[in-house]
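Reviewing the structure listed below.
Every read-out reported here was derived from the displayed coordinates using simple, explicitly stated rules and does not represent laboratory data. Predicted model, so just to flag it, every value in this text is computed and none were measured. For neighbour counting, all protein chains shown are included, and Cβ atoms are generated from backbone atoms with ideal geometry for every residue, glycine included.
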Amino acid sequence: MENVAQRLTMLKDALPEGVTLVAVSKFHPAEAIMEAYNAGQRDFGESYAGELVGKYEELPKDIRWHFIGRLQRRKVRQVVPFVSLIHSVDSVRLLTEIERQAAKCSRVVDVLLELHLAQEDSKGGLSLEECSELLASCRKEDYPHLQLRGLMMMASNVDDERLVAQEFSLAQQYFIKVKEKFFPTNDGFNICSWGMSDDYEIALHHGSTMVRIGTKIFGDR
Ligand SMILES: *Cc1c(COP(=O)(O)O)cnc(C)c1O
C-alpha cells in the first residue's frame with residue numbers, strides 16, 4: 001500500500017493539464033494534510049466549518065482552503081476571512097450572507113453554485129431551474145464582494161456508470177449554456193467542480209476542471 005504522498009503524486013500525474021486537484025481532507029488529521037503538503041499539494045477541501053477553522057489555524061498559511069460541504073448561514077462568518085473557494089452555494093440567502101461577511105473583512109470571495117442532479121434526496125444544491133432563476137434574479141452590483149467562478153455538483157452514488165456519466169454530461173451542457181447567457185465576456189467563470197474518488201475519471205470526460213478527491217489520497221474516513 002502506498003503512502004499519502006505516493007498516492008497523491010500518482011493521481012496528479014494522471015490528471016489532464018488544467019485540472020485542479022482538491023485534496024479532500026475532512027476527518028483526516030493535520031499530519032496527513034502535511035504529508036500531502038510536503039509533496040506539493042496546496043488545495044485542500046473540508047466539509048465542516050469548525051474542522052476547517054481549526055486546521056486553518058494550525059497549518060501553513062499558503063494552503064488554499066475549499067469549503068465543499070453544506071454551509072449553514074451562521075457559520076459563514078467563521079470561514080469567509082480565509083476561505084479560497086466556497087463550492088456549495090445553493091440559495092440567495094446564503095449568497096447574501098457571504099457577501100455581507102466578505103464586505104466586513106474587505107475580501108472578494110470566490111464561490112460556485114451547487115447543482116442538485118443526483119437521485120439522492122439528501123444532497124444539497126439547486127435544480128437547473130432554480131439555478132437559472134437565481135442567476136437571472138441576482139444583479140452583480142449587489143454582490144461586489146463575490147466572484148461567481150462556476151458550478152459544482154455531485155453525481156449519484158451508484159455503480160451505474162451510464163447514469164453517472166449522464167449527470168456529469170447534463171452539468172457540462174448546463175455550464176456551457178449558463179456561461180453563454182450570463183458570463184459571455186467573463187473568463188473568470190470557468191470552474192466545473194465535479195468528480196470524486198469513485199467517479200472522477202468519468203467526470204473528466206464531461207468537462208470537469210476541478211476534482212475533489214479524498215479517499216483515494218488519504219484512505220478511508
Ligand atoms: C467527502 C467529499 C468528497 C470526497 O469524497 P471521496 O469519495 O472521499 O473522494 C468530494 N466532494 C464532497 C462534496 C464531499 O463531501
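What to note about this one:
- Exposed loop sites, defined as GluC sites (Glu not before Pro) outside DSSP H, G, I, E and B with at most 14 other Cβ atoms within 10 Å, are absent from the longest region of the chain, namely 18-119.
- Inter-probe distance in nm under a simple model that places probes 7 Å from Cα toward Cβ, at Glu58 and Ile176: 4.5
- Net charge, Phe183 excluded, C-beta distance under 12 Å - Lys, Arg +1, Asp, Glu -1: +3
- Spatially near lysine pairs across the chain, Cα under 15 Å, sequence gap of 8 or more or different chains: 6
- Convex hull (Cα only) mean projected area of the chain, reported in nm² to one decimal: 11.9
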